[in-house]
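Some notes on the structure that comes next.
The values are calculated or read from the model by the stated rules, or taken from the named source; none is laboratory data. Remember, it's a predicted structure, so these values are computed and weren't measured experimentally. Don't worry about glycine lacking a Cβ; one is built from the backbone with ideal geometry, like all the others, and counts go over all protein chains shown.
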Amino acid sequence: MRLVVGISGASGAIYGVRALEILEGLDVEVHLVLTDAAKETIRLETGYSVRKVEALATEVHAIGDIASKLSSGSFRTDGMVVIPCSMKTLSGIASGYADNLLIRAAGVTLKERRTLVLVVRETPLTLIDIENMARAARAGATILPAMPAFYNRPKTVGELVEQVAGRALEHLGVEHDALKRWNGRDSMRRSKRG
């Protein structure tokens, strides 16, 4: 499997880092694109260095490298996730304004009818943000807001992060065991005993 992972500058860079960590343990070729704002957010919000995050990928592509193989549909991938996806990046994707490689790669993913998952991260949302999500969804993207589940009774922030990252990867068809899955009321009974 070959995937593109984009990390934009929205708060919640840890979602993207955790997705990369999950993928690192699997047989997945990962092509990473970080925006400049993402690099700053990684430094500000996490205990990771940008270099350590980049080391989780198979190949790192510079945000300004419009000649990258990711900018062409002839470079076959199985899909792309932008995690987290800032409203600026969402706006670029929704309008087709590909002024950097992350947005160009997302546009290529849509035009080739491949799976594109956008883990949007903002609150509250403006009507512009909501309309951009609708435009991206109509173009074929899956809008997966960074809204963790609580049915699994998470005890740590890490479990909340893993739930969102795991769901995003599931929508790309990645087989993994990072999720605690809902199994009806029996899930809750087991959680109470555990």
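Within the stretch 91-112, residues that are farther than 16 Å from Gly64 by Cβ and touching a residue at least 12 places away in the same chain (Cβ under 8 Å) reach partners that are part of a helix (DSSP H, G or I) and small (Gly, Ala, Ser) with beta carbons closer than 6 Å, at six or more positions or on different chains, in the pairs Ile93/Ala106; Ile93/Ala136; Ala94/Ala136.
Wholly within the stretch 1-76, which helices (runs of 4 or more DSSP H) include no fewer than the required count, namely at least 2 residues that are crowded, with 21+ Cβ neighbours inside 10 Å?
Numbers: elements: 13-24, 36-45, 50-54.
In the stretch 1-76, 13-24, 36-45 are the helices (runs of 4 or more DSSP H) which contain 2 or more residues that are crowded, with 21+ Cβ neighbours inside 10 Å.
Taking the stretch 77-88 only, how many residues are of a type in the set (Val, Ile, Thr) and assigned to a loop (DSSP other than H, G, I, E, B)? Even if it seems obvious, please write down each step before you answer.
Taking the stretch 77-88 first, the residues of a type in the set (Val, Ile, Thr) are 77, 81-83.
This time we only want the ones that are assigned to a loop (DSSP other than H, G, I, E, B), so: 77.
Matching residues across the stretch 77-88 total 1.
For the stretch 73-90, the candidate set comprises residues that are small (Gly, Ala, Ser) and within 14 Å of the chain's Cα centre (by Cα); within that set, the residue that is farthest from Leu3 (Cα to Cα) is Ser86.
Table: residues versus (1) modelled with pLDDT under 95; (2) not basic (Lys, Arg).
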residue: Pro84; (1), (2): no, yes
residue: Gly107; (1), (2): no, yes
residue: Thr115; (1), (2): no, yes
residue: Val119; (1), (2): no, yes
residue: Ala141; (1), (2): no, yes
residue: His171; (1), (2): no, yes
residue: Leu179; (1), (2): yes, yes
residue: Asn183; (1), (2): yes, yes
residue: Arg189; (1), (2): yes, no
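Close Cβ contacts (under 9 Å, 6 or more residues apart or on different chains) running from residues in the stretch 152-175 that are closer than 13 Å to Val119 by Cβ and surrounded by fewer than 19 Cβ atoms within 10 Å (Cβ to Cβ) to residues that are at pLDDT 95 or above and of a type outside the set (A, V, I, L, M, F, W, C) comprise His171/Gly79; His171/Thr115; His171/Thr142. The helices (runs of 4 or more DSSP H) located wholly in the stretch 92-194 that include 3 or more residues which are touching a Pro at 6+ places or on another chain (Cβ under 6 Å) occupy 157-170. Of all residues in the stretch 138-149, those that are in contact (Cβ under 8 Å) with a residue 60 or more places away in the chain and crowded, with 16+ Cβ neighbours inside 10 Å have Cβ atoms under 6 Å from Cβ atoms of residues that are aliphatic (A, V, I, L, M) and part of a strand (DSSP E or B), 6 or more apart or on another chain, in Ala146/Val119. Pairing each residue of the stretch 64-81 that is more than 19 Å from Leu23 (Cβ to Cβ) with any residue that is buried (at least 16 other Cβ atoms within 10 Å of the Cβ) and of a type in the set (Val, Ile, Thr), provided the two are 6+ apart or on different chains, yields C-beta distances under 8 Å for Ser71/Val108; Ser72/Val108; Gly73/Val108. The residue that is surrounded by the fewest Cβ atoms within 10 Å (Cβ to Cβ), among those in the stretch 91-109 that are more than 13 Å from the chain's Cα centre (by Cα) and under 13 Å from Thr142 (Cα atoms), is Ala94.
Of everything in the stretch 33-57, what is of a type in the set (Asp, Glu) and more than 22 Å from Lys69 (Cα to Cα)? Give them in sequence order. Those that are of a type in the set (Asp, Glu) and more than 22 Å from Lys69 (Cα to Cα): Glu40, Glu45.
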